[in-house]
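Colleague: Before I ask anything, here is the structure I am working with.
No value in this document is a laboratory result; all are computed from the given coordinates. Predicted model, so just to flag it, every value in this text is computed and none were measured. We place every Cβ from the backbone using ideal geometry, glycine too, and count neighbours over all the protein chains shown.
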Amino acid sequence: MGDAVTFGVRLRDALATYGPLCVGIDPHERLLLEWGLPVSAAGVREFGLRVVDAAAGRVGVLKPQVSFYERFGSAGFAALEDVLAAARAAGVLVIADAKRGDIGTTMDAYADAWLTPGAPLEADALTANPFLGVGTLSHAFDLAEAHGKGVFVLAATSNPDAFTAQRARLEDGSTVSAGLIAEVSARNAQHVAVGEWGSLGFVVGATVDWTDAGLVPPVPPAPILAPGFGYQGATPADLVRRFGPAAATVVASESRSVLSAGPAGLAARIDERRALYRAVTHG
C-alpha cells in the first residue's frame, strides 16, 4: 500500500462530520429543463457545478452519474472533468458512478482513467461491475489501495431483473451476492488495520431485503453505497432498519428527491434531508 490515507479512513471521517447523505448529480433532461438549463454539455456542466456549490460544506460525498455526461460525447466528458475537479477542490469525496466492468487490459484502462491521481477524470472512488469475475477488477483494487481511492463493487441491486443472477446459489449454498461480498472482503482483510474500514466497498440497494438476498455485514467493515433513498422509496428510517449492524458504513444516495428542489431550493433541501439522517443516526 502507498502512503496515502486510505479511502476507508477518508470516508469514515466524512460521514462522521456530515452524516450519511450523498447527493447524486443526475442531470436528467427533465431536470435540466426545470432548472432552466439547456440540454447540452454546457447545461450538464452548469448543473453539476451548481450542485457542487450547494453541497460543499453540507455533505461529505457527491455521486455524479457518468452516463448523463457521456451522452454529449467529448464535450460532455470535458464538462464532467470540470465537475469532478470542482467537487474534489471543495473537499467533497466524489464517487464516479460509471459501473465499469470488463476483462484484461480493457478493465485496467478503465481503472487508470478514474483512479489515477492527476488523470482528467480522477475521482475518489468508482463503481464497478464484478459479474465478469472479481479477479477482473484486480488492477482497480491495486490502484485504489496505492492511492487512497475506493471501489464500490455491485453486489445486490434492487431491480427485479437482476435477482436471477444475484440470488443464484453457489456450491456452498450462499448467494452470488454474498459470495461477491465474501471475496472482496477477503481482499480488504489483507489491507485493513484492526478497527478500520476497508476501501473496497459494495453497492447494495436501499430497498434490498438482506435476508432474501442472503447478505451479512461485510467483515472487515466496508463502505456500502446504497442507492434508492428518497424518490425510489427508501426513507432515512430505513437506514438502520434495513442495514442493521452495517448502517454505520452506509452512504445513503439521493438524487431526484434532492435535485427536484431546483437551484434556488437545493441548499435548503440538502439541509432538510441531512437533518433527517442525522436524527436517525444520532438519536
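Colleague: Suppose every Lys and Arg Cβ carries +1 and every Asp and Glu Cβ carries -1, with no other charges. What dipole size does region 1-76 come out with about its Cα centre, to the nearest 20 debye?
Modeller: Around 100 debye, computed over region 1-76.
Colleague: May I ask you to compute the full-extension gain from Ile103 to Asp142, defined as 0.36 nm times their residue separation minus their alpha-carbon distance, rounded to one decimal in nm?
Modeller: 12.5 nm
Colleague: While we're looking at this one, here's another question. Within region 155-253, list the GluC sites (Glu not before Pro) lying in a DSSP loop whose Cβ has at most 11 other Cβ atoms in a 10 Å radius.
Modeller: Glu171
Colleague: If you don't mind, there's one more thing I want to ask. Expected output is a single nm value to one decimal: the length gained when fully extending between Val9 and Glu171, i.e. 0.36 nm times separation in residues minus the C-alpha distance. What is it?
Modeller: Contour length minus Cα-Cα distance gives 54.9 nm.
Colleague: What is region 107-240's relative contact order, in percent, from Cα pairs under 8 angstrom and six or more apart in sequence?
Modeller: 21
Colleague: May I pose another question? Considering the dipole of region 56-137 built from charges on the beta carbon (Lys and Arg +1, Asp and Glu -1) around the Cα centre, which of Gly76, Pro130, Gly57 is farthest to its positive end?
Modeller: Gly57
Colleague: Along the charge dipole of the chain, which of Gly265, Ala213, Val94 sits closest to the positive end, that is, farthest toward it, with unit charges on the beta carbon of Lys, Arg, Asp and Glu (+1, +1, -1, -1)?
Modeller: After comparing all options, I get Gly265.
Colleague: Percent antiparallel among DSSP beta bridges with both residues in region 159-281, to the nearest 5?
Modeller: Among the beta bridges of region 159-281, antiparallel pairing accounts for roughly 10 percent.
Colleague: Rounded to the nearest 20 Debye, what is the dipole magnitude of the chain about its Cα centre when Lys and Arg each give +1 and Asp and Glu each give -1 at the C-beta?
Modeller: Charge dipole, the chain, about its Cα centre: 660 debye, nearest 20.
Colleague: Counting only helical runs of four or more DSSP H residues, what would the 222 nm mean residue ellipticity of the chain come to if each run contributes -39,500 (n - 2.57) and the total is spread over all its residues?
Modeller: One gets -13500 deg cm²/dmol as the mean residue ellipticity at 222 nm.
Colleague: Antiparallel as a % of all DSSP beta bridges within region 7-282, to the nearest 5?
Modeller: Roughly 5 percent of the beta bridges in region 7-282 run antiparallel, per DSSP.
Colleague: In vacuum, with every alpha carbon of region 7-282 counted as one equal point scatterer, what does the Debye formula give for log10 I(q)/I(0) at q = 0.08, 0.13, 0.15, 0.16 Å⁻¹? Two decimals, please.
Modeller: Here the Debye-derived log intensity ratios amount to -0.30, -0.82, -1.12, -1.28.
Colleague: Neighbour counts of other C-beta atoms within 10 Å: give me Thr17, Thr127 arranged from fewest to most.
Modeller: Ranked by crowding around the Cβ, least crowded first: Thr17, Thr127.
Colleague: Between Thr175, Ala119, Pro236, whose Cα lies farthest towards the positive end of the dipole of region 7-282 when Lys and Arg beta carbons carry +1 and Asp and Glu beta carbons carry -1, centred on the Cα centre?
Modeller: Towards the positive end, the residue furthest out is Pro236.
Colleague: With a cut-off of 8 Å between alpha carbons and a minimum separation of six or more residues, what is the relative contact order of the chain in percent?
Modeller: Contact order relative to length: 20 percent.
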